[in-house]
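A short worksheet on the structure shown next.
Please treat every number below as a calculation from the coordinates, not as lab data. Since the structure is predicted, the reported quantities are computational estimates derived from the model, not experimental observations. Cβ sites come from the backbone with ideal geometry, for glycine too, and all protein chains shown count toward neighbours.
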Amino acid sequence: MIERGLFLVLEGVEGAGKSTQARLLVDWMEEVGIPHRLAREPGGTAVGEAIREVLLDPRGADMPAETELLLMLSARAAFVRTIVRPTLADGRVMLADRFELSTFAYQGVGRELGVEQVRELNEFATGGLHPDLTVVLSLPANTGRARQLSSGKYSDRIEAAGAGFHDRVGAAYAELAAEEERMAVVDATDRPEEVHRRIRELLESRFPEPFATARG
Ligand code: T5A
């Protein structure tokens, strides 16, 4: 067990491969015996999953951007207190499929609410807890969308927001990721196993404990 857990987040545009990479990381951590927990945002908790349904329901097409933001943050307040903090206190790796960077990119830039305002409100929701590392899977928005379509995924309310919106989100990820040290960009255009290898390498070099020692 590590002394205080590690908070890791996977981010990227729709269909970038976050869920696929999360599963591969979980398989690896299970294999080498690293205690962990995986959860997705919005969601993870009972109230968060209920909020997710409202957020993604295509019938809410006229939802104001401010409502969307506050719902995301309501779900996050529960996510942090019910899932993330207890997992870290247990000394485990907390792996989240999306977190605050999604809000900066989608609501701050995509919905044009402004990143600074979104950051302030997010700080209240999280109580100031931030990830130790956010891995941004880099992929053009239209490639991610094409992957989703070929897998037969239906278009939820946010996915249906249009190419202009998703291009803005993709550009925001690139810009925001370049600003902060606790973010790393990984090329996600290759096959899943190669992307996984890159993420593992990154984790082993950034966090020898627990990743490199577990490989042993
Ligand atoms: N949102 C979320 C906000 O607006 N603000 C916020 O603050 C937060 C937290 C959540 C929605 O909420 C928004 C963003 C989203 O619109 P979601 O379902 O969690 O929805 O997000 P999506 O990105 O839509 O999730 P997906 O599951 O569709 O995408 P993933 O997880 O990135 O991709 P994945 O792994 O499911 O892969 C998609 C397809 O591509 C294939 C997979 O097999 C699958 O078929 N694939 C690959 N194909 C080729 N090469 C690879 N390397 C591949 N990796 C995966």
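Principal-axis analysis of the Cα atoms of the chain puts helix 141-150 at an angle of about 90° to the longest axis. Using a cutoff of 8 angstrom between alpha carbon atoms and counting only pairs six or more residues apart, the relative contact order for region 39-94 works out to 39 percent. If only the Cβ of Lys and Arg carry +1 and only the Cβ of Asp and Glu carry -1, the dipole of the chain around its Cα centre is close to 460 debye. Converting the Cα gyration tensor eigenvalues of the chain into ellipsoid dimensions via √(5λ) gives semi-axes, longest first, of 27, 20, 16 Å. Please give the Cα centre distance for region 178-195 versus region 147-167, rounded to the nearest Å. Here the two parts' Cα centres lie 21 Å apart.
Once the gyration tensor of the Cα atoms in region 15-112 is diagonalised, the equivalent ellipsoid follows with semi-axes of 27, 15, 12 Å, ordered largest first. Compared with the dominant principal axis of the Cα atoms in the chain, helix 192-206 is inclined by about 60°. Summarised in one figure, the compactness ratio Rg/Rh of region 43-100, Cα atoms and Kirkwood Rh, is 1.05. Taking Cα atoms only, the orientation of helix 65-79 departs from the longest principal axis of the chain by about 30 degrees. Residue exposure proxy: HIS36, HIS130, HIS166, ordered by other Cβ atoms within 10 angstrom of their Cβ from fewest to most, comes out as HIS130, HIS36, HIS166. When the chain is described by a simple charge dipole with +1 on each Lys and Arg Cβ and -1 on each Asp and Glu Cβ, the residue from PHE99, HIS196, ALA65 located farthest towards its positive end is HIS196.
Placing unit charges on the Cβ atoms of the charged side chains and taking the dipole of the chain about its Cα centre, the candidate lying farthest along the positive direction among LEU113, THR134, ALA75 is ALA75. Amide hydrogen proximity for MET183: with H placed 1.01 Å from N in the peptide plane, the residues at 5 or more positions away or on another chain lying under 5 Å are THR134. Maximal additional length on extending the TYR154-ASP27 stretch stands at 43.0 nm, based on 0.36 nm per residue less the C-alpha distance.
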